[in-house]
Amino acid sequence: MIEIKQLTKKYTDKVAVDNLTLDIHSGVVTGFLGPNGAGKSTTMRMILGLIDPTKGYVFIDKKPYCKLDNPINKIGALIDADAVNPRFSARQHLTFMATAANLSKARVEEMIFLTGLEKAGDKPIKEYSFGMRQRLGIAGALIGDPDTIILDEPFNGLDVDGIKWLRKLTMDLALRGKAVLVSSHLMGEVQEIAGRVIVLARGQLIADMDMKEMNQRSLSGYVQVKTNRAQELRRALESKGADVISNGKDDIQVRNMEIKKIGEIAFVNNIPLYELSKYQPTLEQLYTELTKGREDYSSNNTKKKREEK
Amino acid sequence: MISQIKAEWKKLMFMNFTKIYLLILMISSLLLGITFSLTTNMTQGRALNELPNIDVITANLLGIDVGAIMLLVFTAIIISSEFSTKFIHVVLAVTPQRGKVFFAKLAAFGIFSTCVSLIITSLTFSCGQFILYINGRDMVSLADGNIIRLLAGCMAMPIFYCLITVCFTFLFRNSALSITCSLGIMILPAFISWFDEKIQMVLLPLLPRAALHSLSGISELGTESISIIRSTISLLIWLSTLYMFALWNFKRKDII
């Protein structure tokens, strides 16, 4: 398990990660979300010891990464698919990793097969597409059969088959009891695979909860109700603490109340219902809701700055 | 540690660039050695047949200087590219102990430069012997202690400059700066020789060139001549000082 406590990274001009405390659990895919400059990559690099925290720590099985006996068996990471020697082939890249980590050569071939790089295994990496580099990065992350897998934007550059393959792979890894941390801007992909979501904005932890809890807490989620006595039902629901918005003569949107309870209140008040349906927000809507106004880099900000000038 | 050194060695040997560059390095050393020995009437004011046998060999061995320069350029390019391509992320993900990574790199380049140095020393020496032979002169004997000392000293030079370049590249993470510093140390004695003899007497013996020339037995008497023990200690001090600075910097700075 990865334990992150009060992790902070300050640079002269900004705080990249601010007092971050969280655990990364086994057996679940955790989506790691946040706008550009939120501190996701900095956090991932601090987990791997590439960046020293200004304050706080990251422990993997109660030790910092650099103190682990066989680190590649604990954490496998894809931080940057371009972090390769372009003159090497995929087989050479993985052989280097296997040699340094004392792994068998057979493991190299297994990873090449797993990531579908058999045909390109001996070509120089400089001839690879970005998607192929992503596959190689994933092969490198998995070569030590680690307990925790960290993937930074792994869906970037993958084709439809690649996305399906990675989706299945991450879910299989979680089913095998491994902790999988996936950062991505493709909310749809994270929604498909993640059981838990961590959201960062401006270096701070905005949300750390499972998907079910996140859906419930969201303002974007509501229950759509259709009745010919909308005003009467509205009063009844509001008296029980629900937030209700009229959406036309016979339609209302209800927030902060379970669908079952709405049905019961309507029943008790003898109000006929023609529609009672739960509207689930997409992860993208939830993400937008949570990070609104906390982006470091957005097209609006740029526009505003231009206007200020 | 052995597995890290093995991995670093494999990394060097994987690349076609290494093989091509090595071939060019060897040919250049050999050709420039021949050029130096055939142009002594211009460089030393004496024709080849007026020179003692040992000087003919020494002129050929100057080709090793070219090999040393090419080797340090190669070292800086290869190591700095790990930082510029971010391949160092992969290296540190597998071996997060930065001291281990640095030492493995130093060991791999130490072995590599020893092999290269042995080859170019053998080539340039053999070429010198061949020139003596075709001019109908006696070849020098390897049983002669002075010749062995000369060859050993010449062989030490590419190894030393390669190792300090490893340190400079870890210190600066930049090939241009590392090459400049290594070359700077190599040619510093030429600048110092512009100064007064008193200053030369103080500074020249402290520089690696004095140690390397003294090891080879070709040092200029008075200004740079030091004993073999002092020479060895001087080279070790240079190397260990740079090693410590580079290690401190490599451990201290973030890898972004």
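Annotations for the structure displayed:
- Any chance residue B:242 is within 24 Å of residue B:147 (Cβ to Cβ), crowded, with 20+ Cβ neighbours inside 10 Å and not aromatic (Phe, Trp, Tyr): no
- Exactly one residue among B:102, B:109, B:130, B:125 is within 14 Å of another protein chain (Cβ to nearest Cβ) and aromatic (Phe, Trp, Tyr), and that residue is B:102.
- Being buried (at least 22 other Cβ atoms within 10 Å of the Cβ), under 16 Å from residue B:163 (Cβ atoms), under 15 Å from the mean Cα position of the chain (by Cα) and at pLDDT 90 or above is a description that applies to residue B:76.
- Qualifying residue in the stretch A:202-214 (condition: within 19 Å of residue A:43 (Cα to Cα) and buried (at least 22 other Cβ atoms within 10 Å of the Cβ)): yes
- Residue A:227 satisfies every condition listed in (1) at pLDDT below 85; (2) over 16 Å from residue A:285 (Cα atoms); (3) of a type in the set (Val, Ile, Thr) except (1).
- Selection of the stretch B:198-219 for residues being without any contact (Cβ under 8 Å) to a residue 12 or more places away in the chain and under 20 Å from residue B:184 (Cα atoms) yields B:199, B:202, B:203, B:219.
Results for (1) under 28 Å from the mean Cα position of the chain (by Cα); (2) β-branched (Val, Ile, Thr); (3) farther than 23 Å from residue B:85 by Cα, shown as yes or no for each residue.
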residue: A:88; (1), (2), (3): no, no, no
residue: A:93; (1), (2), (3): yes, no, no
residue: A:113; (1), (2), (3): yes, no, yes
residue: A:117; (1), (2), (3): yes, no, no
residue: A:120; (1), (2), (3): no, no, no
residue: A:123; (1), (2), (3): no, no, no
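- Hey, residue A:157 at pLDDT below 85, of a type in the set (Gly, Ala, Ser), more than 11 Å from residue A:77 (Cβ to Cβ) and within 19 Å of the chain's Cα centre (by Cα) or not: yes
- Looking only at the stretch A:29-64, and only at residues there that are within 14 Å of chain B (Cβ to nearest Cβ), touching a strand residue (DSSP E or B) at 6+ places or on another chain (Cβ under 8 Å) and of a type in the set (A, V, I, L, M), the one that is farthest from residue A:150 (Cα to Cα): A:51
- The set of residues in the stretch A:145-163 that are of a type outside the set (A, V, I, L, M, F, W, C) and more than 21 Å from residue A:32 (Cβ to Cβ) comprises A:145, A:159, A:161.
- Of all residues in the stretch B:32-44, those satisfying the criterion of being over 18 Å from the mean Cα position of the chain (by Cα) and within 18 Å of residue B:129 (Cα to Cα) are B:34, B:35, B:36, B:37, B:38, B:39, B:40.
- Residue list for the stretch B:124-150, filter: in a helix (DSSP H, G or I), touching a residue at least 40 places away in the same chain (Cβ under 8 Å) and not charged (D, E, K, R): B:124, B:125, B:127, B:128, B:129, B:131, B:132, B:146, B:147, B:150
- Where residue B:252 falls short, out of the listed (1) free of Cβ contacts under 8 Å to residues at least 40 places away in the same chain; (2) touching a helix residue (DSSP H, G or I) at 6+ places or on another chain (Cβ under 9 Å): (2)
- Enumerated helices (runs of 4 or more DSSP H) restricted to the stretch A:140-259, each holding at least 2 residues that are under 28 Å from residue B:92 (Cβ atoms), of a type in the set (D, E, K, R) and within 14 Å of chain B (Cβ to nearest Cβ): none
- Residues of the stretch A:71-107 classified as more than 7 Å from chain B (Cβ to nearest Cβ) and within 16 Å of residue A:144 (Cβ to Cβ), total: 13
- Filtered residues of the stretch B:66-90 (kept if small (Gly, Ala, Ser) and at the interface with another protein chain (Cβ under 10 Å from one of its Cβ atoms)): B:81
- Matching residues in the stretch B:13-56 - criterion: being among the aromatic types (Phe, Trp, Tyr) and more than 17 Å from residue B:75 (Cβ to Cβ): B:36
- Scanning the stretch A:27-70 for residues that are among the hydrophobic types (A, V, I, L, M, F, W, C) and more than 15 Å from the chain's Cα centre (by Cα) yields A:46, A:47, A:48, A:50, A:51, A:58, A:59, A:60, A:66, A:68.
- When residues of the stretch A:17-50 are limited to those that are assigned to a strand (DSSP E or B) and surrounded by 22 or more Cβ atoms within 10 Å (Cβ to Cβ), the one modelled with the lowest pLDDT: A:33
- Scanning the stretch B:208-256 for residues that are under 19 Å from residue B:188 (Cβ atoms) and among the basic types (Lys, Arg) yields B:209, B:230.
- Check on residue B:93, surrounded by fewer than 21 Cβ atoms within 10 Å (Cβ to Cβ) and within 14 Å of chain A (Cβ to nearest Cβ): no
- Within the stretch B:50-61, one or more residues are away from chain A (no Cβ under 14 Å) and surrounded by fewer than 16 Cβ atoms within 10 Å (Cβ to Cβ).
- Of all the criteria given as (1) surrounded by fewer than 15 Cβ atoms within 10 Å (Cβ to Cβ); (2) outside any helix (DSSP H, G or I), the one not satisfied by residue B:19 is (2).
- Residues (surrounded by fewer than 21 Cβ atoms within 10 Å (Cβ to Cβ), within 19 Å of residue A:123 (Cβ to Cβ) and either free of Cβ contacts under 8 Å to residues at least 60 places away in the same chain or not assigned by the TED database to the domain that holds residue A:43 (or both)) located in the stretch A:133-175: A:159, A:162
The rows are residues; the columns are (1) in contact (Cβ under 8 Å) with a residue 60 or more places away in the chain; (2) among the aliphatic types (A, V, I, L, M).
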site: B:85; (1), (2): no, no
site: B:90; (1), (2): no, yes
site: B:95; (1), (2): yes, no
site: B:98; (1), (2): yes, no
site: B:102; (1), (2): yes, no
site: B:115; (1), (2): no, no
site: B:122; (1), (2): no, no
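- When residues of the stretch B:49-83 are limited to those that are among the aliphatic types (A, V, I, L, M) and outside any helix (DSSP H, G or I), the one farthest from residue B:112 (Cα to Cα): B:51
The values are calculated or read from the model by the stated rules, or taken from the named source; none is laboratory data. It should be emphasised that the depicted structure is a prediction, and the values quoted were computed from it without experimental measurement. As a convention, Cβ positions derive from the backbone with ideal geometry for all residues, glycine included, and neighbour counts pool all protein chains shown.
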